[in-house]
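Working notes, beginning with the structure itself.
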Amino acid sequence: MTNPLFYAKILLFGEYGIIEDSQGLTLPYSFYKGTLKFSSLDSDFEKKSNEHLTKYSDYLQNLELPEGFELNVSKFKEEISKGLFFDSNIPQGYGVGSSGALVAAIFERYSISKHEPENISKDELKSLRTVFGLMESYFHGKSSGIDPLICYMNLPILIESKESVDRVAIPESEAGKGAIFLIDSGMTGETGPMVQIFFEKMKTEGFRKTLKEEFIRYNNACIDAFLKKDMNPFFRNLKKLSHWAYEHFRPMIPESLFNVWKKGLDSNAYYLKLCGSGGGGYILGFTKDYEKAEKMLDGFHKEVIYRF
Ligand SMILES: Nc1ncnc2c1ncn2[C@@H]1O[C@H](COP(=O)(O)OP(=O)(O)O)[C@@H](O)[C@H]1O
Ligand SMILES: C[C@@](O)(CCOP(=O)(O)O)CC(=O)O
């Protein structure tokens, strides 16, 4: 039997806001995926992945999980010694959840109690999120646990607040002129340092105030409008969100995209926002006319993730 596949994820809305109790919306992204596999570890990638797993298994061995959750770490270690690696094309440090997919795959294979994603209640989702948060913290410091959760469930997830997450139905993608797309900044980013910059900014009262009164308001309004497919308020709030990030999330915007970020705001042809913590990796773009936006963003590598 082959092992299950775990997909990349896209945090469409909620980066940083979810740390401060905003809503968030996250989707599986099946273009990239990973699965646990055995091999003779001939390639560099396989060898390196296997080494990562060895280090991670040491962390898991010392990790206390909440009651009712336990991982069979000795089986994990035994399988690592037999050539286990995570066969994944999810780019690392790109904000699309390579470590989340890995955590979900490990949990699926080594959790002693079985959890069927189809039958999980809202309360169990909350406990799973806590477990995943602890497991994923190894990779980039404190983790919200959302990445492995979405990956494990393989369904869009609405983050309602710090305490509460639920499954959500996303409007069907359809062949229209509009698109949501990823732009490659051409460099990797690291979540830990970016989150640190965010907390540094949070020490200033002015920043806390604008985050709460503006950023979180636009963010939540975007989610609301997107789920209702209410495209005019959606784009109105997207513009505000993009402009706010241009002013206040400057260190998180990869330099290679700084000018085109502004160009989108000035022309209204498209709007850019962070995709996860930023600093590198992918940035998200939204446009009512992809053909036009694509021409304006000539030379950048793009991937369309949703059409409307
Ligand atoms: N295929 C893989 N095999 C082993 N470890 C992996 C693999 N993919 C990702 N990882 C682990 O996840 C880390 C990257 O996770 P992270 O820094 O959170 O970035 P991302 O935004 O891609 O999740 C890597 O440094 C590595 O430890
Ligand atoms: C920046 C943050 O809000 C979103 C996650 O970012 P990333 O998808 O791991 O790059 C951090 C977090 O909530 O864990």
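The values are calculated or read from the model by the stated rules, or taken from the named source; none is laboratory data. The model shown is predicted, which means the values in this text are computed figures rather than measured ones. With ideal geometry, Cβ positions are generated from the backbone for all residues, glycine too; neighbour counts draw on all protein chains shown. When the accessible area is computed, the model is the full protein with side chains, heavy atoms only, and any ligands, DNA or RNA have been set aside. Shrake-Rupley method; radii C 1.70, N 1.55, O 1.52, S 1.80 Å.
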Original post:
Between Lys162 and Lys142, what length in nm is gained on full extension when 0.36 nm per residue of separation is reduced by their alpha carbon distance?
Top reply: 5.8 nm
Original post:
What full-extension length gain, to one decimal in nm, is calculated for Phe207 and Asp44 as 0.36 nm per residue of separation minus the Cα-Cα distance?
Top reply: 54.2 nm
**OP:** Please give the per residue accessible area of the chain, computed with a probe of 1.4 Å over protein heavy atoms only, in Å².
**Re:** 47
Original post:
Along the charge dipole of segment 1-100, Cβ charges K/R +1 and D/E -1, which of Gly68, Ile90, Tyr56 sits furthest on the positive end?
Top reply: Ile90
Subject >> Under Karplus coefficients 6.51, -1.76 and 1.60, residue-wise ³J(HN,Hα) of segment 20-30 in Hz, glycine/proline x >> reply: 10, 6, 7, 7, x, 9, 9, 10, x, 10, 7
Subject >> Relative contact order for segment 209-273, counting Cα pairs under 8 Å that sit 6 or more residues apart, in percent >> reply: 27
**OP:** For Lys126, Lys302, write out the residues from largest to smallest accessible area, computed with a 1.4 angstrom probe and no ligands counted.
**Re:** Lys126, Lys302
Original post:
What distance in nm separates the simple spin-label points at Thr54 and Lys77, each placed 7 Å from Cα in the Cβ direction?
Top reply: 1.3
**OP:** Note down the net charge around Tyr138, summing +1 for each Lys or Arg and -1 for each Asp or Glu among other residues with Cβ under 10 Å from its Cβ.
**Re:** -1
Original post:
How much FRET efficiency would the formula 1/(1 + (r/R0)^6) give for Lys122 and Glu247, where r is the Cβ-Cβ distance and R0 is 45 Å, rounded to 0.05?
Top reply: 0.80
Subject >> the chain - percent relative contact order, Cα under 8 Å, separation 6 or more >> reply: 23
Original post:
In a Debye calculation with equal point scatterers on the alpha-carbon sites of segment 1-51 and no solvent, what is log10 I(q)/I(0) at q = 0.13, 0.17 Å⁻¹?
Top reply: -0.53, -0.71
Original post:
Roughly speaking, to the nearest percent, how much of segment 45-177's 1.4 Å accessible area is carbon and sulfur?
Top reply: 48
Original post:
Applying the Karplus parametrisation 6.51 cos²θ - 1.76 cosθ + 1.60 with θ = phi - 60° to the phi angles of segment 282-289, what ³J(HN,Hα) value in whole Hz is obtained for each residue in order, glycine and proline being reported as x?
Top reply: 8, 10, 9, x, 10, 8, 8, 9
Original post:
Got the relative contact order for segment 129-169 handy, in percent, Cα pairs under 8 Å and 6 or more residues apart?
Top reply: 27
**OP:** Give the value in nm², to one decimal: projected area of the alpha carbon convex hull of segment 1-131, averaged over all directions.
**Re:** 9.1
Original post:
Roughly how compact is the chain, stated as its Cα Rg over 2.2 N^0.38 Å to two decimals?
Top reply: 1.00
**OP:** Tell me which residues come under 5 Å, amide H to amide H, from Val165 once H is placed; ignore anything under 5 positions away on its chain.
**Re:** Glu160
